[in-house]
Amino acid sequence: MHSCLGAPVTYHLSCYRGSHGCSGFGVVPGGLVIGNIRAPFAMNVGEDPKSQILSGELKKLDVSDVVTLAGNLVQQDIPKIPDGFLKFEDLKLYICPFNVVLGPTTYPAGLSFKADFLLFEQRANIECTIDKAQKSLDIIGSIDNFELGPLSVRGSKG
């Protein structure tokens, strides 16, 4: 069964006769639309934990767009977030505990998160990768120099 959640989200729900319900819920690889932002996105959630995945990517997303989307979904006015609070220049998320096939795409086991963003107008980035095959964990990040009251954060070169 294919359906649409509002205009931008299409999902696939698999139900089998004789079962006690539906076997899973998945967003077909393709994407989401949040405001004017198109985001490649894939998700599969079901009874079998070995078939679950969440993978997505966003570019140029202001968190106020997410607040507006949430307000539209629940049909309520949600107070606006101050300008410059949080803007994602690039955001990628990949969570796949086991190898998964979703439609024509195979997703290898692993976890990764990468974000380049502005927080209170200060540039920052973080990247985290867990590679099951390599049995490795890598984390790296940085933030521009900033001052917050009496606290001053600067790199070793000033």
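Tell me, which residue of region 44-90 that is open to solvent by 100 Å² or more (accessible area, probe 1.4 Å) and touching a Ser or Thr at 6+ places or on another chain (Cβ under 9 Å) is nearest to GLN122 (Cα to Cα)? Filtering first and then ranking leaves ASP83. Which residues, counting only those in region 91-131, are among the small types (Gly, Ala, Ser) and touching a residue at least 40 places away in the same chain (Cβ under 8 Å)? Hit for region 91-131 is GLY103, nothing else. Among the residues of region 128-151, those that are open to solvent by 60 Å² or more (accessible area, probe 1.4 Å) and either in contact with a strand residue (DSSP E or B) (Cβ under 8 Å, 6 or more places away or on another chain) or of a type in the set (Val, Ile, Thr) (or both) comprise ILE130, LYS132, ALA133, LEU137, ASP138, ILE139, ILE140, SER142, ILE143, ASP144, ASN145, GLU147.
Only residues that are of a type outside the set (Gly, Ala, Ser) and in contact with a Gly (Cβ under 9 Å, 6 or more places away or on another chain) were counted across region 58-80, and they come to 10. Can you tell me which residue is surrounded by the fewest Cβ atoms within 10 Å (Cβ to Cβ) among those in region 111-125 that are at pLDDT below 90 and not acidic (Asp, Glu)? The selected residue is PHE120. Scanning region 132-158 for residues that are in contact (Cβ under 8 Å) with a residue 12 or more places away in the chain and either over 22 Å from LEU61 (Cα atoms) or in a strand (DSSP E or B) (or both) yields LYS132, ALA133, ILE139, ILE140, GLY141, SER142, ILE143, ASN145, PHE146, GLY158.
The values are calculated or read from the model by the stated rules, or taken from the named source; none is laboratory data. Just so it is clear, the model here is predicted, and its values are computed rather than measured. Backbone-built Cβ (ideal geometry, glycine too); neighbour counts: all protein chains shown. Just so you know, the surface numbers come from the protein's heavy atoms only, side chains and all, with ligands and any DNA or RNA stripped out. Shrake-Rupley method; radii C 1.70, N 1.55, O 1.52, S 1.80 Å.
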